[in-house]
Amino acid sequence: METRGLSHVRDGRTVMQIGDWQLQPRAHALLLGPSGSGKTSFINIATGLLTPSHGSIQIAGQPMSALPPASRDALRRQTIGLVFQTLRLIPALSVSANLALAQQLALGRVDAAEIDRLIARVGLSHRAHARPRQLSQGEGQRAAIARALATRPRLLVADEPTSALDDANAAAMIDLMFETADATGATLLVATHDGRIAHRFANRLNLVAPA
Amino acid sequence: MIRLSLAYLRDRALNTALNIILLALGVASLVILLLFSSQLENRFDKDAAGIDMVVGAKGSPLQLILSSVYHVDIPTGNVPLDTVALLRRQMGVAQAIPLALGDSFRTFRIVGTEPAYADLMGASLAGGRLFAAPMEAVIGAEVAARTGAGLGQRFVGGHGMTGGDDGPRHEEQPFIVVGRLKPTGTVIDRLILTRIESVWAVHGIEAPHDEHDHEGESAADHEAHASPAEVTAVLVRFGSPIAAVRLPGFINRQTNLQSAVPAVEVSRLLALVGVGLDAVRAFAVLLMLTAGLSIFVALLTALKEREGDMAMLRVIGASRPAILGQVASEGLILAAAGTALGLVLGHGVIGLAAANFAQLQQMGLNALAFHPGEAVIAAAALAIGLFAALIPAFRVLQSDIADTLANSR
């Protein structure tokens, strides 16, 4: 991932200012900053959900911010897995069906063995057929990570994955993300204001709320 | 994506079931009305096929048609036997078939007539032969099926049109079954045909010319003999269109005769009934639209709750058309289930009605007959479901994913 002169202006106010930054494959990075420093805007721009007002961003060698919407969707589908702070599983589907849907959408096929393996890896084998609303907060977050990894993304983006968790669960979550990302060869980009996990990352991008 | 639609529908099963039932009721009402009115009209047309005019005693022309063509009402009275000969002498009359009504056997009417009547109604023998001698009878297919009467069976007619079993009976004059007709789907299935002389004999009226049973004997021979013998009505088939213009007036000028045209009377009757049918039909359309609106509201609220889900689907790679298709398929599945249930329900109700009400069955109501109009109803129901789903889906797709995600996070 590479940004050039990246910043975003919303309603006449600069909400994010990054400039030039690079993230090498497998060099897991932390996106650190207080609320309102533009972490979410950056993630939305990186995943092609938002068009930056200035500068550009390249994902896996492709100019995400310059692509037309349909190509952005395709690029995101093929290279990025997203984990959000809360929920983000389809409530009408079981955990394993959620993973299957993600695979179907991204890869056009369902790999049942891979789904079983991922669910076992995040320790949810006994809950594979439970509905998301029957899961605890931690279980739901682990399921969301499994869902993001089900498409074998090269970039795993997580927005505040631990802020709702207690210390033990937060540590376990980070362990899990490192472990699974390494196992699948994915690069991690984690946005957080949670200082508890900051020491785990070698790469950091510190965002400050623009004046 | 279809599986996802089914999962969503299952997720709010009660709501789904209620909407399906609502739509099914609308579809069923329309199907029932359609089948009922079309089968009724079809039956009216079939029974009256080949009969251009009916001549009988003065009274209500509708009653005359109902009693002598459809065999549902009581006759208006009798006319002299001479009428038959009078009609046959008229120019443009191709055929004049007398009917003598008045008796029945276990609710099935005994009709004194000529073998030509069976031909006119398009009936052919399934077994035995046509009646030749007095007191010989040919029974319709339904009579045979319901009474279990076979060839050679003797039975006694009862006086009156409906009961037969509780009214006075003609014990001393039994009929014998000599023939059985194939099913025709017309009123003749429920009739017992015999010679006119049989009906006279049963009522102690001496037929003019008992000995002359030959087919070839012309009716003109009869008129020389003044006789108390009467017939109830005469069915007339025209040979030329001029007769249709000239004859009704001529008949109605005779002191005690009236003519009635089945087509005219039936259209008058249907016009009367039709107002009611139209009102019910409008109500059924309203019901179906209500069901569509209900599906619309249900999907609108469901999709509002699911804005986050849809944004998520977009994030994990579903294209806009895919999401639109998913929502549309939800509406279509609802509509299709409602339509299928409605069709089954409609035909079921028709079947139940025919099974439980003898009158409806006699009318020839058939639950297994399909009408092309049902396809139109089904298409309309599906279209309603599709539109009800697409409008909220488009609304959701208008919104910005990043915003939706931010708001529902």
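The values are calculated or read from the model by the stated rules, or taken from the named source; none is laboratory data. On a predicted model such as this, the values are computed, not experimentally measured, just so you know. Neighbour counts run over all protein chains shown; Cβ positions are idealised from the backbone, glycine included.
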Check on A:Q137, within 21 Å of B:V315 (Cβ to Cβ), without any contact (Cβ under 8 Å) to a residue 60 or more places away in the chain and surrounded by fewer than 20 Cβ atoms within 10 Å (Cβ to Cβ): yes
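It is to be established whether one or more residues within region A:1-23 are part of a loop (DSSP other than H, G, I, E, B), farther than 20 Å from B:R314 by Cβ and in contact with an Asp or Glu (Cβ under 8 Å, 6 or more places away or on another chain). Walk me through it before giving the result.
From region A:1-23, those part of a loop (DSSP other than H, G, I, E, B) are A:1, A:11-12, A:23; that's our starting set.
Filter again for farther than 20 Å from B:R314 by Cβ, leaving A:1, A:11-12, A:23.
Now restrict to residues that are in contact with an Asp or Glu (Cβ under 8 Å, 6 or more places away or on another chain): A:23.
Checked region A:1-23: at least one residue is part of a loop (DSSP other than H, G, I, E, B), farther than 20 Å from B:R314 by Cβ and in contact with an Asp or Glu (Cβ under 8 Å, 6 or more places away or on another chain).
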Out of region A:24-42, which residues are surrounded by 24 or more Cβ atoms within 10 Å (Cβ to Cβ) and either of a type in the set (A, V, I, L, M) or more than 14 Å from every other protein chain (Cβ to nearest Cβ) (or both)? A:L31
Is at least one residue of region A:124-133 of a type in the set (A, V, I, L, M, F, W, C) and within 21 Å of the chain's Cα centre (by Cα)? yes
Can you find even one residue in region A:134-141 that is in a helix (DSSP H, G or I) and farther than 16 Å from A:L165 by Cβ? yes
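Would a scan of region B:258-276 turn up a residue that is away from chain A (no Cβ under 14 Å), over 38 Å from the mean Cα position of the chain (by Cα) and farther than 30 Å from A:T47 by Cβ? Spell out how you get there, then give the answer.
First, pick out the residues of region B:258-276 that are away from chain A (no Cβ under 14 Å): B:258-276.
Pick out the ones that are also over 38 Å from the mean Cα position of the chain (by Cα) and you get none.
No: region B:258-276 contains no residue that is away from chain A (no Cβ under 14 Å), over 38 Å from the mean Cα position of the chain (by Cα) and farther than 30 Å from A:T47 by Cβ.
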Unmet requirement for A:I45, which otherwise passes all of (1) assigned to a helix (DSSP H, G or I); (2) at the interface with chain B (Cβ under 7 Å from one of its Cβ atoms): (2)
State yes or no: is B:A291 modelled with pLDDT of 80 or more and outside the structural domain of B:V84 (by TED's automatic domain parsing)? no
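Pick out the one residue from A:D167, A:D175 that is surrounded by fewer than 15 Cβ atoms within 10 Å (Cβ to Cβ) and without any contact (Cβ under 8 Å) to a residue 24 or more places away in the chain.
Details: A:D167 fails: without any contact (Cβ under 8 Å) to a residue 24 or more places away in the chain.
Checking each option against the conditions leaves just A:D175.
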Taking region B:351-398 and keeping only residues that are at pLDDT below 70 and not in a helix (DSSP H, G or I), one is left with B:M363, B:G364
So which of B:V54, B:V72 is surrounded by fewer than 19 Cβ atoms within 10 Å (Cβ to Cβ) and either out of contact with any Gly (no Cβ under 6 Å at 6 or more places or on another chain) or within 19 Å of B:I110 (Cβ to Cβ) (or both)? B:V72
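The rows are residues; the columns are (1) more than 14 Å from every other protein chain (Cβ to nearest Cβ); (2) under 29 Å from B:N42 (Cα atoms).
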{"site": "B:G308", "(1), (2)": "no, no"}
{"site": "B:V315", "(1), (2)": "no, no"}
{"site": "B:R320", "(1), (2)": "no, no"}
{"site": "B:G331", "(1), (2)": "yes, no"}
{"site": "B:G338", "(1), (2)": "yes, yes"}
{"site": "B:V344", "(1), (2)": "yes, yes"}
{"site": "B:L352", "(1), (2)": "yes, yes"}
{"site": "B:N356", "(1), (2)": "yes, yes"}
{"site": "B:N366", "(1), (2)": "yes, yes"}
Read through the list (1) at positive phi; (2) within 14 Å of chain B (Cβ to nearest Cβ); (3) surrounded by fewer than 16 Cβ atoms within 10 Å (Cβ to Cβ), then give the number of the only condition that A:H129 fails. (1)
Return the total of residues in region A:182-200 being surrounded by 14 or more Cβ atoms within 10 Å (Cβ to Cβ), in a loop (DSSP other than H, G, I, E, B) and modelled with pLDDT of 80 or more. 1
Anything in region B:154-184 that is more than 15 Å from B:I110 (Cα to Cα), modelled with pLDDT under 85 and either touching a helix residue (DSSP H, G or I) at 6+ places or on another chain (Cβ under 8 Å) or among the β-branched types (V, I, T) (or both)? List them, or say none. B:P183, B:T184
Matching residues, region B:28-50, being buried (at least 23 other Cβ atoms within 10 Å of the Cβ) and more than 16 Å from the chain's Cα centre (by Cα): B:A28, B:S29
Whichever residue in region A:56-82 is within 11 Å of another protein chain (Cβ to nearest Cβ) and part of a strand (DSSP E or B) and, among such residues, is surrounded by the fewest Cβ atoms within 10 Å (Cβ to Cβ): A:L82
